[in-house]
Each structure stands twice: as structure tokens, then as C-alpha cells.
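The values are calculated or read from the model by the stated rules, or taken from the named source; none is laboratory data. These figures come from a predicted structure and were not determined experimentally. Neighbour counts are summed over all protein chains in view; Cβ atoms, including those assigned to glycine, are modelled from backbone coordinates with ideal geometry.
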Amino acid sequence: MTHISLTRYLVEQQRVHGHIPSELRLLIEVVARACKRISISVNQGALGEILGAAGTDNVQGEAQKKLDVIANEVLIEANEWGGHLAAMASEEMEGIYVVPNRYPQGEYLLLFDPLDGSSNIEVNVSIGTIFSVLKKPENGGPESGVSEQDFLQSGAKQVAAGYCIYGPQTTMVLTVGDGVAMFTLDREQGSFVLTQEDIRIPEDTKEFAINMSNMRHWDAPVRRYIDECLAGRDGPRGKDFNMRWVASMVADVHRILTRGGIFLYPWDKREPEKPGKLRLMYEANPMGWIVEQAGGAATNGRQRILDIQPKKLHERVSVILGSKNEVERVTSYHTK
Ligand code: FDP
């Protein structure tokens with residue numbers, strides 16, 4: 001079998017479809033390289049002194065783990081000097097990180113959740129890195145500065161999105177708007193190898209993922225949907241459902257890409273003014289686009305995730321994504 005590396009895949013995509021400019025290709029390769037570094041740290045575990053709390057809080061007031069901070073630094077250091085980026089934004093940083101003056105500025109904006117699923121670091125369960133790429137709006141020519149406002153674009157404007165999952169295998173999943181491809185890290189060679197192309201999520205499923213401990217706080221439409229799943233064969237759905245909840249969004253989404261399913265992290269009554277737990281720009285947009293590109297759907301219960309106009313960088317959102325027919329069902333329970 002011919003091994004197709006990530007580099008070769010991107011070069012061939014560029015040749016055939018012409019929609020991956022070389023700067024974007026470089027950007028994706030640099031992110032992949034950073035993910036390799038993060039993967040090495042994750043694999044070292046207790047031997048690498050990377051476990052435990054960093055002793056700091058992030059902008060959302062959540063305690064940062066050492067690995068959150070390390071992964072954030074790795075992504076910044078890898079990306080700041082290449083000339084392909086204007087600025088970066090991370091779930092772990094309050095403001096945007098503008099590429100320093102000593103390096104050339106490019107036309108792309110990179111957003112990332114450096115280490116998703118932090119509660120799973122210590123327990124040796126899959127975690128990941130999620131990223132999203134936007135183009136800097138042409139509001140004042142290439143010489144003009146970059147501001148937080150430039151990042152506030154809807155998910156539909158993404159030009160690349162992906163995630164890397166650090167599990168039994170390290171796997172990178174990528175879309176540039178032409179389907180979804182999967183690459184597995186060959187640890188001996190140190191390169192990502194194409195292992196699946198044109199991934200499709202089955203439209204129907206019998207598996208849901210939600211944190212059931214929040215049931216008493218849910219809104220009526222989510223409650224109705226899950227109640228109907230739980231009623232199984234004798235209920236209105238006429239089939240038995242299974243449940244999975246890894247509590248790492250990357251792992252739950254990865255399972256859905258592999259065999260279908262629906263993932264929900266809905267708004268709930270605990271903090272009514274908070275639209276949801278997950279972050280629109282670092283989690284919902286990239287995952288939403290990947291899922292759509294694989295034939296699935298992603299909404300906040302009322303609206304397509306990718307159509308939401310963000311008002312702030314760290315905006316939160318309610319998330320329902322996965323197998324198309326199930327997502328449409330839950331969404332219709334909200335809107336009808
Ligand atoms: P975490 O806070 O551990 O980083 O990003 C938020 C997230 O993980 C998701 O990856 C995951 O799906 C969810 O939170 C888990 O939330 P619960 O602990 O409430 O189940």
C-alpha cells in the first residue's frame with residue numbers, strides 16, 4: 001500500500017482542486033507538527049512532569065492544567081515565525097496573540113483549543129487539540145493591523161478546521177471544505193499518514209452522548225428527546241438506544257465520525273444567562289464544519305452553528321451535532 005503523507009495529500013489537493021493556497025498548506029503542516037509535539041508530551045505522562053495543575057486560571061476562570069499551558073505554548077511557538085499568520089486566538093488566552101513585528105505577517109487567523117478534555121489528562125483517557133482557520137478580512141490592506149474584531153466571523157467563513165486526538169492512536173482529522181480526511185501518526189516515521197478519505201457519518205443512529213447528570217437542569221425539548229431514546233423499543237422511537245460520554249469533545253466527535261451518533265451539550269438552567277458550556281470559536285465551529293463536511297449536522301437547537309455571528313472571542317454556545325436525522329429531530333423539538 002502506498003503511504004500518502006499529510007504533505008503529499010495537501011499538495012495533491014492543491015493540484016487537483018486548486019483551493020489550498022500554499023500559505024494555508026504551510027499553516028496546516030505547522031499545526032500538525034505542533035500536534036506531534038503535544039502528542040509526545042501526552043505520551044510521556046508522569047515521566048514528562050506534565051501532569052497536574054499549572055496553578056493558574058484561564059479567562060473563563062477554569063483551573064489550567066500544566067498540559068493546557070504547554071500545548072498552548074507549543075502551538076504559538078510553532079506558528080508565530082512562519083509568515084503565514086496575522087494572529088492567533090486560544091481558549092487559554094484572554095486576548096488575541098498578534099504575530100510579533102520581528103516576523104512577517106500573513107493573511108490567516110488561527111484559533112485553537114490547545115488541549116480539549118482536560119479532565120481526562122490524569123486518567124489516561126483520550127484528549128485532543130481543536131483548530132480553526134479564518135482569513136483576515138481585507139478591511140485596510142495588508143499593512144493594516146489586526147484586531148479581535150477580525151476574528152468575529154461566522155463558522156461558515158472557515159477555510160480549514162481540524163482536530164488531533166491523542167488516544168491509543170494519535171489521529172488528525174481535517175477539512176478544507178472538500179470532505180473530511182483522517183491521518184494516523186506513524187510514530188516510527190514521525191509523519192501523519194492518510195488512513196481514511198471522504199468520511200461519512202450515517203444519517204441515523206442508535207447512540208447518543210450527553211452528560212446525563214445534568215438531566216434535571218435541561219430544557220423541555222432536550223428532555224423530550226432523551227426520554228424518547230431511553231424509552232427504547234417500546235417508546236415512540238421504536239428502537240433501543242445506547243449511550244456514551246467520554247467527556248472529551250474530541251473523543252465523542254471522533255466516535256461519531258467513525259460510526260455515527262449524536263452529541264449534545266445543551267443550554268441548561270444552572271446558569272440561564274450562559275448560552276452553553278462549549279466555546280463557539282474554538283470547539284463548536286471547527287467541529288460543526290467537520291461534521292457537516294461528513295454529511296452530518298450541527299445546530300444550537302434553533303440555528304445552524306456555522307451561521308451564528310459571534311459577538312465575542314470566548315462566546316459560548318449550546319451544541320447538538322452528529323447524525324443528520326437525529327440532529328434535525330432535536331432541532332425541530334426546539335423550533336416547533
Ligand atoms: P473539558 O472541560 O474537560 O476541557 O471543552 C469542554 C469539555 O471538556 C469538552 O471537551 C467535553 O465534552 C465537556 O467539556 C465535558 O463536560 P462535563 O465535565 O460537564 O461532562
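Structure summary
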{"item": "Residues satisfying the stated conditions in region 279-331, i.e. touching a His at 6+ places or on another chain (Cβ under 8 Å), away from the ligand (no atom under 16 Å from the Cβ) and either of a type in the set (D, E, K, R) or part of a helix (DSSP H, G or I) (or both)", "result": "302"}
{"item": "Conditions (1) free of Cβ contacts under 8 Å to residues at least 24 places away in the same chain; (2) within 16 Å of the chain's Cα centre (by Cα): number failed by residue 233", "result": "(2)"}
{"item": "Of all residues in region 257-278 being more than 12 Å from the ligand (Cβ to nearest atom) and over 20 Å from residue 60 (Cβ atoms), the one that is surrounded by the most Cβ atoms within 10 Å (Cβ to Cβ)", "result": "262"}
{"item": "Matching residues, region 52-75, being more than 16 Å from the ligand (Cβ to nearest atom) and surrounded by fewer than 19 Cβ atoms within 10 Å (Cβ to Cβ)", "result": "55, 73"}
{"item": "Tally, over region 90-111, of residues that are surrounded by fewer than 22 Cβ atoms within 10 Å (Cβ to Cβ) and within 20 Å of residue 312 (Cβ to Cβ)", "result": "6"}
{"item": "Region 88-127, residues that are on the phi > 0 side of the Ramachandran plot and away from the ligand (no atom under 14 Å from the Cβ)", "result": "124"}
{"item": "Subset of region 227-253 (residues that are surrounded by fewer than 20 Cβ atoms within 10 Å (Cβ to Cβ) and either part of a helix (DSSP H, G or I) or within 16 Å of the ligand (Cβ to nearest atom) (or both))", "result": "227, 228, 230, 232, 233, 234, 243, 244, 245, 246, 247"}
{"item": "Which numbered condition residue 114 misses (of (1) at pLDDT below 95; (2) surrounded by 23 or more Cβ atoms within 10 Å (Cβ to Cβ))", "result": "(1)"}
